Each structure stands twice: as structure tokens, then as C-alpha cells.
1. What's the magnitude of the charge dipole for the stretch 24-111 around its Cα centre, counting Lys and Arg as +1 and Asp and Glu as -1 at the beta-carbon? Answer in Debye, nearest 20.
2. Using a 10 Å cut-off around each Cβ, can you sort 48, 130 from fewest to most neighbouring Cβ atoms?
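Nothing in this text is a laboratory measurement; each read-out follows from the coordinates by a stated rule. Everything numeric in this text was worked out from a predicted model, so none of it was measured. Every residue, glycine as well, gets a Cβ built from its backbone with ideal geometry; the counts of neighbours run over all protein chains shown.
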Amino acid sequence: MSTSASAAKRGAAGLVALLASCTAVGGGDVPGYAREIVARNRHLEQQFRAGNLLGVADVYTDDAVLLDARGERTSGREEIDAYWSAIESPVDWHLAVSTVRGSDALAYETGVSSLTTRRDGVLHTSVNQFLVLWRRDAAGEWRIALDAYWPAPAD
């Protein structure tokens, strides 16, 4: 594993530990912020399936950071837009949310992403675990401030 990938995973683990003391989703009561974030996930999936990759990028804050499976860092509006716009032939995206914890202003979620594209007529699906830090903006919308993902372990 590269040094940057290792550092990204350590940073993600530290963030999870830091936010673990916040309100947790559990039992029968799901906080409103958790329902809103899950709805934002469905919005991301819909935008991807429709081929609106800038619509996906728009959910990120202007100062967002994305750490990919190779440990490479993408940051800021221009780079986030370019990252998502570079995806060719989007087909499907499913975000299986495992955990949402936080507050009405800041929350994180973990889960598994299954993203499918078509290359040379062949479907390719990338399955990754993810950690996303959500921040509510001044207009009250949840935006992604940090998005980190790494390969899901093989079953």
C-alpha cells in the first residue's frame, strides 16, 4: 500500500473515532439528519444514472476533499467537477449506507458503493467501502466535505 493510501486510511479511521461520540442511528428512531443524508445518497445515484456527473459533483462543497482508492487527493470545486466529469458511460450506482452518525450540522456515513460504467461495450463495476463527511451549508442543504473510499474486501 502506498504511503498516501495508508495516510488516507489512517485519517479516515481517525475521523470515525472522533465523530463516534456523536448521536448514533440505531433502534427504531432514525434522526431527521440521517434520513436527509440517505435521501442525498438516492439523489447522487439518480444523477449518476442520468449521466449528470456535474449534478453529482454539485453535492460536494466548494472546498471538498476526495481521497480515492489509490490514495490520490482531489480537492476544490474545479478538481471535483473534473473528477466526476472524467467518468465515461455511467450506467448504475448503488450506495448501501451502513451508518450515519452526527448532528444536524455535521455528520458522517459509512457504507459500500457499487459503481458501474461501460467501457468498450463491457460493464465494469467498482465496489468500494466509503466514509463521507457531510456538512450542512448556509441554505440548509447537506453537502459532502470529505469523501474517502477504498476497495471492499472480497467476500
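1. On the way: 8 positive and 15 negative charges, 60 e Å.
Value, rounded to 20: 280 debye.
2. Fewest to most other Cβ atoms nearby, the residues stand as 130, 48.
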